[in-house]
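Here, each number is a calculation from the coordinates, and none is a lab measurement. In this text the structure is predicted, and so the values were computed from the model without any measurement. Please note: Cβ atoms are built from the backbone with ideal geometry, for glycine as well, and neighbour counts cover all protein chains shown.
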Amino acid sequence: MAFLQLFRKTHVRLASLNERRYELELRKQRYKCNSCHTTFGAVTNLTKENQTLSSDLKNQIMRLARKGLSGQLIAEMCHCSPSSIRHTILERMEPHYRVAKLPKHLCFDKFRSTKSVMSFICCDAETYQIVTKLQDCLSPTIVDYFENRYSKAERACVQSIVIDLNAQYQSFIYRLFPNANIIIDRFHLVQLAGRALDNYRISILKHLDKQAVNIKL
């Protein structure tokens, strides 16, 4: 089996020093098989395959990001594009927290958390284990959480979701969980019926009080 040796010139971006841009010109050896016409080449620990930013430059970007500098400022200091800064930060970030597998039956509700803010909670309807707690109960926050952590196939496995009478949840549940059935919590139904009976009882008592005053007069 014969191999044809080739060379390809690439440029690897090094870490910035004294606010100056540095590049390493690298001649990579590549080999092409004359039989199957596939190619393969030498690798380096300076950077990942098919990338031009070196590991040292990415480390420098992360150090600046941890200091709270904006992406635009980091791009100017490291002589990179803002998109390269964003991709580097996302690459080095720890994976988002998520349960290993979404339960088939979920419960949605909101609760009053710190500083009287209404937060969102989701739990397993069968085991009552908490799936997530979010800092607010706004629709964009909830949608962003599930779309960024679970694939469409994983979300399609959810069979039912128990909610209160809040129409806000119904507006995005079928978007996130296309095969889920919406179930209204019995507690909220009983609570709604109890409030209706109390209001009716109070209105009758007020009516009877007015009649009693008229009879006395």
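Identify, among Ser55, Gln29, Asn18, the residue whose Cα sits farthest towards the positive end of the charge dipole of segment 3-92, taking +1 on the Cβ of Lys and Arg and -1 on the Cβ of Asp and Glu, with the dipole about the Cα centre.
Gln29
Take the alpha carbon gyration tensor of segment 1-123, find the square roots of its eigenvalues, order them as a ≥ b ≥ c, and report rounded if a/c is under 1.5; if not, report prolate when a/b exceeds b/c, else oblate.
On the way: a/c = 5.02, a/b = 1.66, b/c = 3.02.
Oblate, because a/c is 1.5 or more while a/b does not exceed b/c.
Mind putting a number on the dipole of segment 3-92 about its Cα centre? Charges go on the C-beta only, +1 for Lys and Arg and -1 for Asp and Glu, and I need it in Debye to the nearest 20.
Charge dipole of segment 3-92: 120 debye, to the nearest 20.
Helix-only estimate, please: 222 nm mean residue ellipticity of the chain, summing -39500 (n - 2.57) across DSSP H runs of length 4 or more and dividing by its residues, to the nearest 500.
It lands at -12500 deg cm²/dmol.
For the pairs Lys67/Lys115; Lys58/Lys115; Lys67/Lys133; Lys110/Lys152, note any where the Cα-Cα span goes beyond 31 Å.
Check vs 31 Å cut-off fails for Lys58/Lys115.
Top mean-square fluctuation among Lys152, Lys110, Lys48, Gaussian network model of the chain, C-alpha springs under 10 Å?
Lys48
Rounding to the nearest 20 debye, state how big the charge dipole of the chain is about its Cα centre with +1 on each Lys and Arg Cβ and -1 on each Asp and Glu Cβ.
Working: 33 positive and 19 negative charges, 81 e Å.
Dipole of the chain, to the nearest 20 debye: 400 debye.
Just Ser35, Ser81, Ser55 to compare: in a GNM of the chain, with alpha carbon springs under 10 Å, which one fluctuates most?
Ser35
Which of His105, His188, His37 has the fewest other C-beta atoms within 10 Å, and how do the rest follow up to the most?
In increasing order of surrounding Cβ atoms, one gets His37, His188, His105.
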